[in-house]
Amino acid sequence: MIGELARIEPDARIASILNKNEHRTAHGKSWTAKRVCSVRSHHAISVYRQGEQQDRGEISVRETADALGVTPTTIFRLIQLKQLPATQICGNAPWILLKKDVELYRETRNRSTPHQLLIQHNCSLRFNDIRRSASCRILEKQLCLPALLVDLRDGQERQRGVAGQKHQPPS
């Protein structure tokens with residue numbers, strides 16, 4: 001694990017990650033930067049070098065968020081939803097994304113049709129907080145596409161047409 005972490009983090013950060021995950025040395029002690037350095041030296045693991053990740057085409061969550069113009073929280077959500085591939089060596093270690101995957105996601109996101117964006121927006125709303133925003137209603141009217149609404153009172157789904165058609169009564 002130290003070998004993999006040494007590719008993305010300096011020794012002090014590796015020690016912190018190992019301690020947060022409750023890993024101990026062979027003698028049952030907590031990790032320090034000096035102990036990590038000793039293990040690296042003993043196993044001929046090269047030291048972390050600034051910029052090495054960029055050479056391999058890897059970027060961090062923060063860099064991905066900046067590239068896509070969103071927050072890191074959004075990137076974590078995309079990773080969790082498996083819409084953006086990423087790897088994490090162990091718990092508490094940083095997520096690593098490949099620049100080519102981020103570019104591919106950006107291209108597919110930019111090619112999304114307005115209807116797909118509407119669906120993505122509706123699906124991202126939390127179930128207990130589903131409210132139709134004015135911008136969604138305007139977008140639906142512009143697209144002349146049906147939208148699926150959830151009636152929270154009785155939990156039944158109803159199909160609603162656009163442009164002034166009335167709701168179908170639940171069956």
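The values are calculated or read from the model by the stated rules, or taken from the named source; none is laboratory data. Since we're looking at a predicted model, the values are computed, not measured. Cβ placement follows ideal geometry from the backbone for every residue including glycine, while neighbour counts extend to all protein chains displayed.
Quick rundown of the values:
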quantity: Search result, residues across region 25-60 that are touching a helix residue (DSSP H, G or I) at 6+ places or on another chain (Cβ under 8 Å), more than 30 Å from residue 100 (Cα to Cα) and part of a loop (DSSP other than H, G, I, E, B); calculated: 25, 29, 30, 31, 32, 43
quantity: Region 68-104, residues that are more than 24 Å from residue 10 (Cα to Cα) and in contact with a Lys or Arg (Cβ under 7 Å, 6 or more places away or on another chain); calculated: 68
quantity: Selected residue (only one of 32, 73 is of a type in the set (Val, Ile, Thr) and loosely packed, with under 13 Cβ neighbours inside 10 Å); calculated: 73
quantity: Hits in region 58-67 (condition: over 13 Å from residue 8 (Cβ atoms) and hydroxyl-bearing (Ser, Thr, Tyr)); calculated: 64
quantity: From 9, 4, 22, residue being loosely packed, with under 13 Cβ neighbours inside 10 Å and closer than 15 Å to residue 92 by Cα; calculated: 22
quantity: Unique match (being in contact with a Lys or Arg (Cβ under 7 Å, 6 or more places away or on another chain), more than 18 Å from residue 110 (Cβ to Cβ) and without any contact (Cβ under 8 Å) to a residue 60 or more places away in the chain) among 63, 52; calculated: 52
quantity: Residue count, region 76-115 (criterion: more than 11 Å from the chain's Cα centre (by Cα) and under 23 Å from residue 17 (Cα atoms)); calculated: 8
quantity: Filtered residue count, region 28-65, keeping only those that are out of contact with any strand residue (DSSP E or B) (no Cβ under 9 Å at 6 or more places or on another chain) and among the charged types (D, E, K, R); calculated: 7
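Here's the yes/no breakdown for (1) modelled with pLDDT of 90 or more; (2) out of contact with any His (no Cβ under 6 Å at 6 or more places or on another chain); (3) not in a loop (DSSP other than H, G, I, E, B):
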{"residue": "18", "(1), (2), (3)": "yes, yes, yes"}
{"residue": "70", "(1), (2), (3)": "yes, yes, no"}
{"residue": "101", "(1), (2), (3)": "yes, yes, yes"}
{"residue": "108", "(1), (2), (3)": "no, yes, yes"}
